[in-house]
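First the structure, in the form of structure tokens, and then the observations on it.
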Amino acid sequence: MCYDDNARPPLPPGEIGAAHGEDIVLEAADGNRFAAYVAQPGKPTGSPGSANPQILIFPDVRGLHQFYRELALRFAEIGVTALAIDYFGRTAGISGRDDSFDFWPHVQQIKLETFFADVTAAHAYLHAGAGANRATFTVGFCMGGTLSFVSGTKDFGWAGVIGFYAGMTRNFGGGGTLLEQAEKIRYPALGLFGGADQGIPVSAVQSFDQELDKAGVEHEIVIYPGAPHSFFDRRSEEFADASADAWQHVLSFIAAHT
């Protein structure tokens, strides 16, 4: 897994405002009910069609837990509405979970078809009311990074897709690995990786970069030398500079495509 219950997202740069968040339950078209967490800026600004962006967060293999609730709040504190979703409504229900949760049997049951059904429900939630015409991005971590990029192969209308330490070799339901699907990505992409990630060799990241080049996908790939998997953690003080730079890349990417 990427993050345990003690992990906390680094603080974003710039001025921090008020934000509020809440746990909600969303329902997909097939009737699946799944947990989610939405965070809104404390002082909603703008109206339908305004420039205020929003972001859909795909967690790591543990699904929705505290790190991603807090990440959603960090986005909302800088004016970006954020929605983090869980993957396991069909197999584990919507109850809360802690470090004892045995996530692996549930990960093995993820199917792209049903994942996309849940993403469609999350997309609809974000685009209701004031969010109707706002630029919407995705960001994911580890498995969620892979799913963020894979969601970019479908016609969701994202403004851009972002992945932290996205795995290259997992094949969800026979749909192909990320390297195999890279040429199908339809939106600008930002990838952030640790150069010392033992599970994702730099050579694989470079191959991903090359596949995006060949496909003509607008993209940026950033590799932080010496940084491990899950370096984006407030506790990892030795990688604070990498975390700060990653935040800046994310925010610059969002600004450039909003």
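Please treat every number below as a calculation from the coordinates, not as lab data. Given the structure is predicted, the values throughout are model-derived calculations rather than measurements. Methodologically, a virtual Cβ is constructed for each residue, glycine included, from the backbone with ideal geometry; neighbour enumeration extends over all protein chains shown.
Counting DSSP beta bridges in the chain, what percent are antiparallel, to the nearest 5? Present the calculation step by step, with values, prior to reporting the outcome.
Working: 13 of 37 bridges.
Bridges in the chain are about 35 percent antiparallel.
In debye, nearest 20: dipole of the chain around its Cα centre with unit charges on the Cβ of K, R (+) and D, E (-)?
Working: 17 positive and 30 negative charges, 113 e Å.
So the magnitude is around 540 debye.
Assuming R0 = 25 Å, what is the FRET efficiency of D23 and K43, from their Cβ-Cβ distance, to the nearest 0.05?
Values: r = 22 Å, r/R0 = 0.87.
Result of the calculation: an efficiency of 0.70.
When the convex hull of the C-alpha atoms of the chain is computed, what volume per residue in Å³ does it have? The partial results should precede the final answer.
Working: hull volume 29.5 nm³, N = 258.
Once divided by residue count, the hull of the chain is 114 Å³.
Quick one: which residues, 5+ away or cross-chain, put their amide H under 5 Å from the amide H of I24? H built at 1.01 Å from N.
So I24 has HN proximity to A36, Y37, V38.
Could you tell me the ratio Rg/Rh of segment 1-44? Both radii from Cα atoms, Rh via Kirkwood. All intermediate terms of the calculation are to be shown ahead of the outcome.
Values: Rg = 14.8 Å, Rh = 13.5 Å.
Ratio of gyration radius to Kirkwood radius: 1.09.
Quick check: pseudo-label points 7 Å beyond the Cα along Cα→Cβ at Q108 and S252, how many nm apart are they?
Result for the modelled spin labels: 4.3 nm.
Helix-only estimate, please: 222 nm mean residue ellipticity of the chain, summing -39500 (n - 2.57) across DSSP H runs of length 4 or more and dividing by its residues, to the nearest 500.
On the way: 8 runs with 79 residues, N = 258.
After summing the helix terms and dividing by residue count, I get -9000 deg cm²/dmol.
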